[in-house]
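Below you'll find the structure, written out as structure tokens, and then a few comments.
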């Protein structure tokens, strides 16, 4: 038997428990540990006499593992102890490795299954590749961490109910599973919006960003702008209670002559909001924050009425706070940006 036949046999063997077990891991009422025991009992062997997965040399297994996407990689960890020890040594994409580590971190939470109830009940399938293609049709670059998360992350493991396959509803209270506010990732197909950006003394401009989540006091954005250093792929949370605008970043504030907070270049503007450096770091932080909420509050939510209304910089969770990226350069939207009270006092 040739090398390609052996690899093909191994991949088919991985695929079978993946299809069977993966549905069980996230199905309601099936504990994770029970699923692992099922996976081990159902592990198939090669149909070729004398060759099993266990007989393959570690070097070949590691080579096979390096081709796996996130879901089969996760399931492979549950096959046997030998594979569990080998998988960390596989040369997989660093972003995929970070997503895998986040997955394991989530499973380690003692009340993990309690964080899945609303998600598993309301989850719907969506075309992942079409979602990515739609974003690319509006802007030529997507943050790599976000792209891989959309294409490979298990929908039933959505954090804070931030996921395109979950309904766009307004939550009235936060729980260990979801945050107060609206999941704007399920709005449109999707649609990139624009946020105002002012760098130093330059003229304010719009930059592309994806609206993720919105409450009455905070707005969460994934920045797509890749022409300004330090912005691409960052996750921004603007907070009304800190005198920030829903759709402008950063908010320039006059420096205090008696303060030690002046910027290093001696300018009069100080950036007061530091975004998450990338999408996975944001997810890691969101998971840990949600777990600190404690006991669940009342399961209260209501649908968002369509079409949604637009108002620039609106803080209300159900209002669209900024224009679509594809037509943000029209005179009306430009006028709104340049005359925003958050920026008017700092124009040249």
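Every residue in segment 159-173 that is more than 12 Å from the chain's Cα centre (by Cα) and assigned to a loop (DSSP other than H, G, I, E, B), please.
165, 166, 167, 168, 172, 173
Looking only at segment 178-191, count every residue that is surrounded by 22 or more Cβ atoms within 10 Å (Cβ to Cβ) and either within 16 Å of the chain's Cα centre (by Cα) or not assigned by TED's automatic domain parsing to the domain that holds residue 289 (or both) and tell me the total.
Total meeting the criteria: 6.
Determine which single condition residue 171 fails, assuming it passes every other condition in (1) crowded, with 20+ Cβ neighbours inside 10 Å; (2) under 30 Å from residue 113 (Cα atoms); (3) modelled with pLDDT of 95 or more.
(3)
Residues being under 23 Å from residue 156 (Cα atoms) and surrounded by 15 or more Cβ atoms within 10 Å (Cβ to Cβ): count how many of those fall in segment 62-86.
Within segment 62-86, residues that are under 23 Å from residue 156 (Cα atoms) and surrounded by 15 or more Cβ atoms within 10 Å (Cβ to Cβ) number 11.
Considering each residue of segment 107-148, count those that are in contact with a strand residue (DSSP E or B) (Cβ under 7 Å, 6 or more places away or on another chain) and either at pLDDT below 95 or part of a helix (DSSP H, G or I) (or both), and give that number.
Residues flagged as in contact with a strand residue (DSSP E or B) (Cβ under 7 Å, 6 or more places away or on another chain) and either at pLDDT below 95 or part of a helix (DSSP H, G or I) (or both) within segment 107-148 amount to 1.
If you scan segment 174-194, which residues turn out to be closer than 25 Å to residue 112 by Cα, in contact (Cβ under 8 Å) with a residue 60 or more places away in the chain and part of a strand (DSSP E or B)?
181, 182
Would you tally the residues in segment 195-225 being in contact with a strand residue (DSSP E or B) (Cβ under 9 Å, 6 or more places away or on another chain), touching a residue at least 40 places away in the same chain (Cβ under 8 Å) and assigned to a loop (DSSP other than H, G, I, E, B)?
8
Any residue at all in segment 103-112 that is crowded, with 16+ Cβ neighbours inside 10 Å, in contact with a helix residue (DSSP H, G or I) (Cβ under 9 Å, 6 or more places away or on another chain) and touching a residue at least 60 places away in the same chain (Cβ under 8 Å)? Spell out the reasoning first.
Step one: list which residues in segment 103-112 are crowded, with 16+ Cβ neighbours inside 10 Å, which gives 103, 106.
Right, trim to in contact with a helix residue (DSSP H, G or I) (Cβ under 9 Å, 6 or more places away or on another chain) and you get 103, 106.
Retained after the next criterion (residues that are touching a residue at least 60 places away in the same chain (Cβ under 8 Å)): 106.
Yes.
For residue 198, work out the one condition from (1) crowded, with 20+ Cβ neighbours inside 10 Å; (2) farther than 24 Å from residue 337 by Cα it doesn't fulfil.
Condition not satisfied by residue 198: (2).
Going by the structure shown, is residue 189 touching a strand residue (DSSP E or B) at 6+ places or on another chain (Cβ under 6 Å) and within 15 Å of residue 211 (Cβ to Cβ)?
Taking the combined requirement at face value, the residue does not satisfy it.
The values are calculated or read from the model by the stated rules, or taken from the named source; none is laboratory data. This structure is a prediction, so every number in the text was calculated from the model and none was measured. Positions of Cβ are generated from backbone atoms using ideal geometry, with glycine treated the same way; all protein chains shown enter the neighbour counts.
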